[in-house]
There are 2 protein chains.
Amino acid sequence: MSESSFLAACAGKSAAHIPVWYMRQAGRCLPEYRVLKEHYDILTLARTPELATRVTLMPVHRFGVDAAILFADIMLPLIGMGVDLDIVESVGPVIADPIRNAKSVEKIRSLDPADFEYLRKTIVMIRTELAGKLPLIGFSGAPFTLASYLIEGKPSRNFIKTKQLMYGDRDVWNKLMEKLTDAVIEYLQLQLDAGVDAIQLFDSWVGCLSKEDYVEYVLPYTRRLFTAVSKRGIPRIHFGTNTAAFLEEFASVDCEVVGVDWRLPLEDAWERIGAGKAIQGNLDPVMLLGDFDIVKKKVDDIFSHLPRKQGFVFNLGHGVLPDTPYANLIKLTEYVHGK
Amino acid sequence: MSESSFLAACAGKSAAHIPVWYMRQAGRCLPEYRVLKEHYDILTLARTPELATRVTLMPVHRFGVDAAILFADIMLPLIGMGVDLDIVESVGPVIADPIRNAKSVEKIRSLDPADFEYLRKTIVMIRTELAGKLPLIGFSGAPFTLASYLIEGKPSRNFIKTKQLMYGDRDVWNKLMEKLTDAVIEYLQLQLDAGVDAIQLFDSWVGCLSKEDYVEYVLPYTRRLFTAVSKRGIPRIHFGTNTAAFLEEFASVDCEVVGVDWRLPLEDAWERIGAGKAIQGNLDPVMLLGDFDIVKKKVDDIFSHLPRKQGFVFNLGHGVLPDTPYANLIKLTEYVHGK
């Protein structure tokens, strides 16, 4: 693993080539995944070690990426906390009993690592398959993003209910965020214990907040979380979309890599993050739905403004879209490797 | 009108008090509006001068705001361009035949001011009622935001189809943006001719783009548009949400006022816009769903960081949410006026 270009870049060091992986690289864009999905629902796939291992490795074989990412659903820690939820096809996670008040927060139990034996097994199995040739990234949703699902009850556009609770009942908000932070720490710790080589925290929806509210209602929890999951040699990636209003604060947690979306030019984002940290991003995933020539132009553009290659992990600005022609991801990996 | 605090602030001058108005101030938060909506659909309300006048004036009477804004639907110019659409309750605008290619762009006709006689009459009627005591703001959706509705066919979260067309067929994109820019110019010009005292361009969804793409695919059109609707003494407001990644560029058009959402602190946004322009914003509308004490604290916070009062128009960061208790808007107006 000492030769992993991904781990080198996360540590801000030179690598043989720019490392590439894609958020949601294992998923609907792959025909072999779609075949599996005809027989199993997503939670079964994620909670059956043999299946989760197979899905995790699919993009490794197909795309030639420089890291595998654990196939798991962002909702898994919540299931471990006793939340009754379902992943509804073409809707997303739907919570049976959304969080509304102190009572509903109390009902959420703390996360017991013993319930995640399947995840431990999956990680061990994947690492055996990878045989030290590629690193495995573990991950979790961030407390705010998990809270937003719990409160909205389903995917949201404006996060109105989340903010209403946040502004309206500070005490309930704090209790919920405390519980989620503790749970995410446990959840990432068990992945670290099982042997993942890096971890990423997805705060996908935090960009709906103002800078002041991010600092007041979210950052203290994320800060505590990152400090708690520190493990020698294991890079921690903090990913969010729409973070242009508070990127300095977002990047200020104890992490090695900051993941950004396409909105800010990569060089501007890196300047704001600080040269001491690595950066991951940031092609708009929509570009991959179209002609590869346009993708190439955009990648050229990213590289032409790049202040340095050390510490750069190439990725998209958000997850691979289900309708992406997978051939574009093969070409993209090759093209970035040639840079 | 020479004493209008709103017009003074737009011109960067001192006013008797900080002017206040609210985007979507005439709408579902008002019981008297909801009564009307039981009898008329939104397009009938918007296209019947007596009714549109009545609705425009409702918030003026209720809230004590410093400006009226024409009650109209963002889709009106598109109807004038021959687009078949419907405003579906609790969904939004739905386009019968979304734009997909050159042929569908060709079918869109240019806007004929003669089709907007109802709008001219409405503006004259409102101004008669206002009797020079308050200014009337005219408005339009911006070319990008209108294009996004036309292409997506319905309200969207990720604007995937819009970007696909933008990246995938530059020629069709340019033709569509040209047509929309021409139409919006005509549409705002007829409002200016009818006597509105200010205009606002809503580029509500442009924040889904990267800075480079904003500059390449949108800004040239908005720039041309603002220059074309210049009229002595009539301030032009450029409003967008989620513009933190490219605020300097967004503010660089020939306008007097820039409207911002809550994501950036107002003082940071103003610094990036430049002291030569007025600023409008930026309370998160979600705050108004809750207790007024929390609203007060946030307003205090905005004012405590304000570099100067001249050139500040108080508003929300986006439209009033339908479930807002209107009493909060009355209190908010009073509270800001007391600052």
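The values are calculated or read from the model by the stated rules, or taken from the named source; none is laboratory data. Note that the structure is a prediction, hence the values are computed from the model and not measured. Don't worry about glycine lacking a Cβ; one is built from the backbone with ideal geometry, like all the others, and counts go over all protein chains shown. Each accessible area value is taken on the protein alone, full model and side chains, heavy atoms only, with ligands, DNA and RNA left out. Shrake-Rupley method; radii C 1.70, N 1.55, O 1.52, S 1.80 Å.
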Exercise for review: Could you please find all residues in the range A:181-221 being farther than 24 Å from A:Asn315 by Cβ and among the hydrophobic types (A, V, I, L, M, F, W, C)?
Suggested key: A:Ala183, A:Ile185, A:Leu190, A:Val215
Check your understanding: Can you tell me which residue in the range A:256-271 is farthest from the other protein chains (Cβ to nearest Cβ), limited to those that are in a loop (DSSP other than H, G, I, E, B) and either open to solvent by less than 10 Å² (accessible area, probe 1.4 Å) or not basic (Lys, Arg) (or both)?
Key -> A:Glu256
Point to revise | Selection from the range A:153-164 of residues that are surrounded by fewer than 22 Cβ atoms within 10 Å (Cβ to Cβ) and part of a helix (DSSP H, G or I) | key: A:Ile160, A:Lys161, A:Gln164
Study note, to complete from the structure: Apart from one, (1) surrounded by 18 or more Cβ atoms within 10 Å (Cβ to Cβ); (2) of a type in the set (Gly, Ala, Ser); (3) closer than 27 Å to A:Leu288 by Cα all hold for A:Ser90; the odd one out is (1)
Review point. Which condition number does B:Ile237 fail, the rest of (1) β-branched (Val, Ile, Thr); (2) closer than 29 Å to A:Leu266 by Cβ; (3) in contact with a strand residue (DSSP E or B) (Cβ under 8 Å, 6 or more places away or on another chain) being met?
Key: (2)
Point to revise | Residue match in the range A:293-301 (condition: under 21 Å from A:Val215 (Cβ atoms) and either at pLDDT 95 or above or assigned to a helix (DSSP H, G or I) (or both)) | key: no
Check your understanding: Would the range B:165-180 turn up any residue that is over 30 Å from A:His318 (Cβ atoms) and open to solvent by 20 Å² or more (accessible area, probe 1.4 Å)?
Key -> yes
Exercise for review: State whether one or more residues within the range B:224-231 are within 16 Å of B:Leu176 (Cα to Cα), open to solvent by 20 Å² or more (accessible area, probe 1.4 Å) and out of contact with any Gly (no Cβ under 9 Å at 6 or more places or on another chain).
Suggested key: yes
Practice item. Being in contact with a Gly (Cβ under 8 Å, 6 or more places away or on another chain) and open to solvent by less than 80 Å² (accessible area, probe 1.4 Å) is the filter here, so list the residues in the range B:24-54 that pass it. Key: B:Gly27, B:Tyr33
Review point. So which of B:Arg127, B:Arg120 is crowded, with 16+ Cβ neighbours inside 10 Å, assigned to a helix (DSSP H, G or I), in contact with a Gly (Cβ under 7 Å, 6 or more places away or on another chain) and not hydrophobic (A, V, I, L, M, F, W, C)?
Key: B:Arg127
Exercise for review: Considering every residue within the range B:119-133, establish whether at least one is among the β-branched types (Val, Ile, Thr) and in contact with a Pro (Cβ under 6 Å, 6 or more places away or on another chain).
Suggested key: yes
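Yes or no: A:Gly207 small (Gly, Ala, Ser), within 14 Å of another protein chain (Cβ to nearest Cβ), touching a residue at least 12 places away in the same chain (Cβ under 8 Å) and open to solvent by less than 10 Å² (accessible area, probe 1.4 Å)?
yes
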Point to revise | the range A:133-159 residues that are within 14 Å of chain B (Cβ to nearest Cβ), paired with ones that are among the aromatic types (Phe, Trp, Tyr) (beta carbon under 7 Å, 6 or more apart) | key: A:Ser148/A:Phe159; A:Ser148/A:Trp205; A:Glu152/A:Phe159; A:Phe159/A:Trp205
Review point. Of everything in the range A:286-301 that's aliphatic (A, V, I, L, M) and in contact (Cβ under 8 Å) with a residue 24 or more places away in the chain, which residue is most open to solvent (accessible area, probe 1.4 Å)?
Key: A:Leu289
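Within the range A:226-244, take every residue that is part of a loop (DSSP other than H, G, I, E, B) and out of contact with any helix residue (DSSP H, G or I) (no Cβ under 6 Å at 6 or more places or on another chain) and give me the one that is nearest to the other protein chains (Cβ to nearest Cβ).
A:Ala244
Only one residue in A:Val215, A:Val196, A:Val253 is outside any helix (DSSP H, G or I), closer than 28 Å to B:Ile294 by Cβ and either open to solvent by 50 Å² or more (accessible area, probe 1.4 Å) or more than 10 Å from chain B (Cβ to nearest Cβ) (or both). Which one?
Only one candidate passes the filter, namely A:Val253.
Restricting to the range A:302-312, count the residues that are buried (at least 19 other Cβ atoms within 10 Å of the Cβ), under 23 Å from B:Leu209 (Cβ atoms) and away from chain B (no Cβ under 12 Å).
At the first step, the residues of the range A:302-312 found to be buried (at least 19 other Cβ atoms within 10 Å of the Cβ) are A:302, A:311-312.
Checking the rest, the ones that are also under 23 Å from B:Leu209 (Cβ atoms) come to A:302, A:312.
Next, from what is left, pick out any that are away from chain B (no Cβ under 12 Å): A:312.
Going through the range A:302-312 one residue at a time, the tally reaches 1.
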Review point. Scanning the range B:272-285 for residues that are open to solvent by less than 30 Å² (accessible area, probe 1.4 Å), of a type in the set (A, V, I, L, M, F, W, C) and not in a helix (DSSP H, G or I), which turns out farthest from the other protein chains (Cβ to nearest Cβ)?
Key: B:Ala278
Review point. How many of the residues in the range B:98-117 are open to solvent by less than 40 Å² (accessible area, probe 1.4 Å) and under 22 Å from the mean Cα position of the chain (by Cα)?
Key: 2
Check your understanding: Quick check: is even one residue across the range A:277-291 at pLDDT 95 or above, in contact with an Asp or Glu (Cβ under 9 Å, 6 or more places away or on another chain) and within 23 Å of A:Asp182 (Cα to Cα)?
Key -> no
Check your understanding: Has the range B:52-62 got at least one residue that is free of Cβ contacts under 8 Å to residues at least 40 places away in the same chain and small (Gly, Ala, Ser)?
Key -> no
Check your understanding: Looking at (1) at pLDDT 95 or above; (2) open to solvent by less than 80 Å² (accessible area, probe 1.4 Å); (3) in a loop (DSSP other than H, G, I, E, B), which is the only condition B:Lys133 fails?
Key -> (2)
Check your understanding: Right, B:Ala15: crowded, with 20+ Cβ neighbours inside 10 Å and assigned to a loop (DSSP other than H, G, I, E, B) or not?
Key -> yes
Point to revise | Any chance B:Lys175 is farther than 28 Å from A:Gly207 by Cα and at pLDDT below 95 | key: no
Practice item. Determine whether B:Lys103 is out of contact with any Leu (no Cβ under 7 Å at 6 or more places or on another chain) and touching a residue at least 12 places away in the same chain (Cβ under 8 Å). Key: no
